[in-house]
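Let me begin by presenting the structure, written as C-alpha cells, before commenting on it.
The values are calculated or read from the model by the stated rules, or taken from the named source; none is laboratory data. Source: prediction; values computed, not measured. Positions of Cβ are generated from backbone atoms using ideal geometry, with glycine treated the same way; all protein chains shown enter the neighbour counts. Surface areas here come from the heavy atoms of the whole protein model, side chains and all, with no ligands, DNA or RNA. Shrake-Rupley method; radii C 1.70, N 1.55, O 1.52, S 1.80 Å.
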Amino acid sequence: MLAHAVSATPVGVDAHPVEVEVDIARGLPAMNTVGLPDAAVKESRDRVKAAITNSGFPFPEGRITVNLAPADLRKEGARFDLPVALAVIAASRHLPKGALKGWLILGELALDGRVKGVRGCLSAALWASAAGHHRLMVPVVNAREAAVVAGLEVVGVESLLQAVAVVAGEVVVPPTTVDLDALFQADFAAEVDLAEVAGQSAAKRALEIAAAGGHNLLMVGPPGSGKTMLARRLPTLLPPMSVEEAVETTRIHSVHGSLAAGCGLITHRPFRAPHHSISDAGLVGGGTIPHPGEVSLAHNGVLFLDELPEFHRHVLEVLRQPLEEGTICIARSTGSLTFPAHCTLVAAMNPCSCGFAGDPAHECLCTPTQVQKYLGRLSGPLLDRIDLHVEVAAQRYAALQATGGEDSATVRARVIAARRRQVTRRPASGAHCNAHLGPRGLARFCRPPAAGEALLATAVDRLGLSARSVTRVLKVARTIADLAGRDELESTDLAEALHYRTLDRP
C-alpha cells in the first residue's frame, strides 16, 4: 500500500517542498528512509515506530520504504516525523483514502506520541501560501508563528493521536489566528532608556545620527566610560518595525531555532551581542547545511561587537560583504545561499591594550608602538565601512551626578521624522536609509555647497581619506541635514560628519 504526504524543509531562509512517500510491501520487517537524509532523519524510524505503537495504532508488518523527494535535496532535522507517521498510518489503511491530501505537515514526535516544535514553520507557511496550500498542520507551539501568514488554515496539534483524528475528520480543531494589529499596538516597555546615560553628549549625538541614517558606529574610549551602556540603548531610538520587516526578522529567527515557543511575531528590533571568541561561521553563518549567523539574526536591528580588536582578524574581515551590501552569500560545493543582513553595526574598543591612552586620570602603560599595533588589528577596509568613529571619554563624578538628559522617546521622535524625510525623498528605491544610498542617490541628494567642497578636498588631502570614506562622510552629512529638517547640505553638516572620523586622524 502506498501513501503520500507533503512537508517542507528550510534551505537558507526559504522553504522547499518535500514529498513524503511511504510504501509497505511484503518482506522481512524493516523501515528504510531514502532521499538524502541526515542522521536525525534516519533516526526517525525509531521515533515513528514508538510514537505509533504508544498512540494505540498497530505498527504494520512488512518492509516499509520512506522516500523523501526530491532525492537530491539534503534533508535534516526531525521535522518529517509527523508526516512520515501519518503516511505510515494511511498506508496501513487506518485513515480514509485521500485524508492527507491538501495538508502541509511539520512536526517532531516524542516516543509517547507528543508533537514537539520544529524550526522554520514561518518559512513553510509562506511557501504554502504562495503554492496554494491552504491547510497547514504544525506543532501547537509553532501555530502562532505560522498563523501570521494570512489566508492559511493553521491547525496546531499536541499529539499524533490528535493529528490522526483531525485529518480523518473526527475532531475539529479551531484554526489558530493572530491579530497583527494587536501585536504591533502592544506597548513596549524598554528596560533601558537614553536618559539613564549621564553626560556623553557627543556620543549621544552620534548615536542619534546612527539611528536616523542606519549608519555603522565605532566608539573608542577607556574601560567604564559607558560604551556598552550607550550601545544597548540604540534599539530604543530606532523607528518601529513594519509588518514586512517583522515577518522577515521572525523568519530568520525561526529557521535558526532561536524563536521563543509560542511567539507569533518579533515586533521589536533585535539586539545581538556575540562574544569576541565567536567563529566566522557563527558570525555570518555556515555549516554543512548553512544556517544564519549573528549578522543575519541582527537583521533590521543592531549588531554590537564589544572589544572589537579582540575578535579574530579573519572573523572581522568576513563582515565586509554584509556591511557593504546588506546580504551574506555562503557558498558550498552543493550550491550557495544568501542570507539577509541589513543591520546597524555598533562596535566598541579601548584606545590601546591597557585601555587608558589619552585618559588624564590614568597613566597609559603602552608605548606608541604598542598603541599602533593594537589599533592595527583593525584593517583599513573594515574601518572604511564604519561611518561614525566617536571618542567616548571617561566621565568625572560631577558629570555622573547630572540629570535632565533627553529620554529615548524624545530622540526617537526626531529619528522617525528624519527617516520619514528619507522615505519621502526616495519612495520607490527600497533604500529608506541614507546609509544605503547608491551612487545615483549620492549624486542627487548629497551635493555639498562650494565651501563644503573645499572643506572636503582639504580633509581628503590631510587625512588621506579613501573614496569609500568620502561617500560615507557625504551620507552622514545628509543624515545630519535630515535631522535638522534641511533639503540642502551645508558646510556645517560636512564639518560635523568629518568630525566623526576619529581613527582617520593622526
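First select every other residue whose beta carbon is under 14 angstrom from the beta carbon of LEU100; then total the charges, Lys and Arg +1, Asp and Glu -1. Please list the in-between numbers first.
On the way: positive: ARG93, LYS97, LYS101, ARG135; negative: GLU19, GLU21.
Neighbour charge sum, excluding LEU100 itself: +2.
Kindly provide the Kirkwood hydrodynamic radius of segment 291-363 in Å, to one decimal, from all pairs of distinct alpha carbon atoms. Walk me through the numbers on the way to the answer.
On the way: mean 1/r = 0.0709 Å⁻¹.
It is 14.1 Å.
Could you tell me the convex hull volume per residue, in Å³, taken over the Cα atoms of segment 62-158?
Details: hull volume 11.3 nm³, N = 97.
About 117 Å³ per residue, rounded to a whole number.
Compute the orientation-averaged projected area for the chain from the convex hull of its Cα atoms and round it to one decimal in nm². Display every interim value, and only then the final one.
Numbers: hull surface 108.5 nm².
Over all viewing directions, the chain projects a mean Cα-hull area of 27.1 nm².
Tell me the Kirkwood radius of segment 9-77: reciprocal of the mean inverse pair distance over distinct alpha-carbon atoms, in Å. Show your work: numbers first, answer last.
Numbers: mean 1/r = 0.0765 Å⁻¹.
By the Kirkwood definition, the hydrodynamic radius is 13.1 Å.
Hey, what D do you get for segment 267-327 in µm²/s if you plug the Kirkwood alpha-carbon radius into Stokes-Einstein at 20 °C and 1.002 mPa s?
The diffusion coefficient I find is 181 µm²/s.
Can you tell me which lysines have their Cα less than 16 Å from the Cα of LYS42? Leave out same-chain residues fewer than eight positions away.
Those lysines meeting the cut-off are LYS75.
Identify all lysines with a Cα-Cα distance to LYS97 below 24 Å; exclude those on the same chain that are fewer than 8 residues away in sequence.
The reachable lysines, counting only those whose Cα sits under 24 Å from LYS97, are LYS49.
Mind pulling up the Rg/Rh value for segment 35-108? Radius of gyration and Kirkwood radius, both on Cα. Don't jump to the answer; show the numbers that get you there.
Values: Rg = 12.2 Å, Rh = 12.9 Å.
My calculation of the ratio gives 0.95.
How large are Rg and Dmax for segment 194-346 when only the alpha carbon atoms are used, in Å?
15.8, 53
Once the dipole of segment 101-191 is set up with Lys and Arg at +1 and Asp and Glu at -1 on Cβ about the Cα centre, which of TRP127, VAL155, THR177 lies farthest towards its positive end?
So the residue furthest toward the plus end is TRP127.
Can you give the net charge of the other residues whose Cβ lies under 12 Å from the Cβ of ARG26, counting K and R as +1 and D and E as -1? Walk me through the numbers before you get to the answer.
On the way: positive: ARG63; negative: ASP23, GLU61.
Residues close to ARG26 contribute a combined charge of -1.
Tell me, what is a quarter of the convex hull surface for the C-alpha atoms of segment 1-127, in nm² with one decimal? Working shown, then result.
On the way: hull surface 28.4 nm².
About 7.1 nm², averaged over all directions.
Taking the Cα atoms of segment 223-298, what is the range of coordinates along each of the three principal axes, in descending order and whole Å?
41, 31, 20
At a threshold of 8 angstrom on Cα-Cα distance, excluding pairs fewer than six apart, so keeping six or more, what relative contact order does the chain reach in percent? Spell out each step's value before the answer.
Details: 1017 pairs, mean separation 66.8, N = 506.
In percent, rounded to a whole number, it is 13.
Let me check I've understood the local charge: for LYS116, count other residues with C-beta under 9 angstrom from its C-beta, Lys and Arg +1, Asp and Glu -1. What total comes out? Can you show the working numbers first?
Working: positive: ARG114; negative: ASP81, GLU108.
Surrounding charge for LYS116 is -1.
Return the lysines within reach of LYS204: Cα separation strictly under 17 angstrom, same-chain partners fewer than 8 residues apart disregarded; answer none if there are no such residues.
Within reach: LYS227.
Loop-only GluC sites (Glu not before Pro) in segment 433-506, please: DSSP not H, G, I, E or B, and at most 11 other Cβ atoms within 10 Å. Display every interim value, and only then the final one.
On the way: sites: GLU453, GLU488, GLU490, GLU496; in loops: GLU488, GLU490.
Sparse-neighbourhood loop GluC sites (Glu not before Pro): GLU488.
Quick check on segment 150-277: what does the Kirkwood estimate of hydrodynamic radius come out to from the alpha carbon pairs, in Å? Spell out each step's value before the answer.
Details: mean 1/r = 0.0545 Å⁻¹.
After inverting the pairwise mean of 1/r, the radius is 18.4 Å.
Please compute the contact order of segment 163-245 in relative form: average sequence separation of alpha-carbon pairs under 8 Å and at least six residues apart, divided by the residue count, as a percent. Display every interim value, and only then the final one.
Numbers: 33 pairs, mean separation 24.1, N = 83.
Normalised by residue count, the contact order of segment 163-245 is 29 percent.
Check each of the GluC sites (Glu not before Pro) in segment 40-108 and keep only those in coil by DSSP with at most 14 other C-beta atoms within 10 angstrom; list them in order.
Here the GluC sites (Glu not before Pro) that fit, given the DSSP loop and packing criteria, are GLU43, GLU61.
Just the C-alpha atoms of segment 107-146: what Rg/Rh do they give, with Rh taken as the Kirkwood radius? Please report the intermediate quantities before stating the final value.
Working: Rg = 10.9 Å, Rh = 10.7 Å.
Expressed as Rg/Rh, it is 1.02.
Round to a whole number: what % of the accessible area of the chain belongs to carbon and sulfur, probe 1.4 Å?
Details: 11900 of 22290 Å².
That share works out to 53 percent.
Where only protein heavy atoms count, and the probe is 1.4 Å, what is the accessible area per residue for the chain in Å²? Spell out each step's value before the answer.
Values: 22290 Å² over 506 residues.
The answer is 44 Å² per residue.
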